[in-house]
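What follows draws every value from the coordinates through simple rules; no lab data is involved. Everything numeric here is computed off the predicted structure, so don't read it as measured data. So basically every Cβ, Gly included, is an ideal-geometry build from the backbone, and we count neighbours across all protein chains shown.
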Amino acid sequence: MPVSTDNKLCVRCVLPENFPGVRFNGEGVCNHCQQAPSAEAVRENVARLHGEMVSAIEANKGGRDYDCIVAYSGGKDSSYTLKALSENYGLKCLAVTVDNGFMSEQARVNSKAVTAALGVDYQLFTPAWSFMSGMYKQSVTNTELHTKAAIKRASAICNSCIGLINVYMIRLALMHGAKLIAGGYIGGQVPKDTAILELNLDLYMKTREATIGRYEESFGEDTRKYFDVPEGLLKSAQMKKITILNPMLALNVGEEEIIAQLAPLGWKPTLDTGVNSSNCRLNDFGIAMHYNTHGFNPYVFEISEQVRHGLMTREVALKKALSIPSLEEVQWQAKKLGVQIECAE
Ligand SMILES: [Zn+2]
């Protein structure tokens, strides 16, 4: 690390020439940067999203046990999200971590410290390793599992894991009568401007079957337990919709500022998760496999978006984007999953 790359990179944002849909002009500036709004327009847009988020929060407060279920990895972005929602917006939150078997020990310590400091209820859910390892194994070997759009934003293993977490959050929201779900996604990780999404539960139930069927073929008979929302649960909850918040998109705050604000809560950077994660030790494996298959870092779009929004310098972005672990370096994760990966000489 870092790997050497023969790919031409955008001179402004570091997107490589082989990223899907990228085109460069004569000066080496990519189409995303050419179309990027001015700093002023970005500020205005964030302010607008923030206003909409505050309205959505006010309209959806007053859940039964909790106002909001927070998908909480213990990483910096979701820690900051949890802090903002409970301290600045007065939401009664339930923070939930899904331990995928690769959770960093420091992230475990951080999540305990942060939830204790904020006085927030905390739940740790550890799905059976037999299911998780099978799910990850299938995710790296079955390239048809996820859509083309999904692989631009995250590696295959991340996409499977995020899917499982999202369904678990919906189940908890229904169980606890919470009208809000929040995650710590940042710009570039989720589609543009999705700070607030309305999940119509009827529609959701109707459209889920195709995905669950595809997953069931790959992940086996326990798939429904992790990826389905039971009809009975939906009926008893008597809810028509859930509002999903990605507050980071409406806050637009950079990494340094986030870490500075989390330090007083007892949050410390992890040293064993690679440069693109602050909670998961499988992440580098996902990056290495994604790079090996698609030729670009699955984090490069979010990194480039951070640069365009003025939240990261190009120098830091370059370091992160080019920090691709080699297949040799991720052998221990492969071994733990029982996946054979071949290392080129
Ligand atoms: Zn660019």
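State whether the range 212-345 is rounded, prolate or oblate according to the following rule on the C-alpha gyration tensor (a ≥ b ≥ c being the square roots of its eigenvalues): a/c under 1.5 gives rounded; otherwise a/b larger than b/c gives prolate, and the remaining case gives oblate. Verdict is oblate for the range 212-345. Just check the range 35-172 against the gyration tensor rule for me: Cα atoms, a ≥ b ≥ c as the square roots of the eigenvalues, rounded for a/c under 1.5, and otherwise prolate or oblate depending on whether a/b exceeds b/c. In terms of gyration-tensor shape, oblate. Report the Cα centroid-to-centroid distance between the range 26-65 and the range 81-123 in angstrom, as an integer. The range 26-65 and the range 81-123 have Cα centres spaced 24 Å from each other.
Counted by neighbouring Cβ atoms within 10 Å, the residues 249, 271 run from fewest to most as 271, 249. Residue-wise HN-Hα couplings along the range 219-225, as the Karplus relation 6.51 cos²θ - 1.76 cosθ + 1.60 with θ = phi - 60° gives them from phi, are 9, x, 5, 7, 3, 4, 4 Hz; Gly and Pro carry x. Between 230, 270, 258, the Cα set farthest toward the positive side of the dipole of the range 213-285 (charges on each charged residue's Cβ, about the Cα centre) is that of 230. With θ taken as phi - 60° and the Karplus curve 6.51 cos²θ - 1.76 cosθ + 1.60 applied, the whole-hertz 3J(HN,Hα) list for the range 94-103 is 10, 8, 10, 10, 9, 8, 8, x, 10, 5 Hz, x standing for glycine and proline. Rounded to whole Å, the principal axis extents of the Cα atoms in the chain read 56, 49, 40, largest first.
At a 10 angstrom cut-off on C-beta neighbours, averaged per residue, how do the peptides 296-309, 201-214, 68-81 rank from highest to lowest?
Averaged packing, sorted descending, gives the order 68-81, 296-309, 201-214.
Distance between the 7 Å Cα→Cβ label points at residue 50 and residue 206: 3.8 nm. With R₀ set to 22 Å, the beta-carbon distance separating residue 25 from residue 192 gives a calculated FRET efficiency near 0.55.
Ellipticity at 222 nm from helices only: DSSP H runs of n ≥ 4 in the chain, each -39500 (n - 2.57), divided by the residue count, give -14500 deg cm²/dmol.
Pairs with C-alpha atoms separated by more than 18 Å, drawn from the list 137/336; 76/137; 92/268, are 76/137; 92/268. Subtracting the Cα-Cα distance of residue 313 and residue 241 from 0.36 nm times their residue separation leaves 22.0 nm of extension gain.
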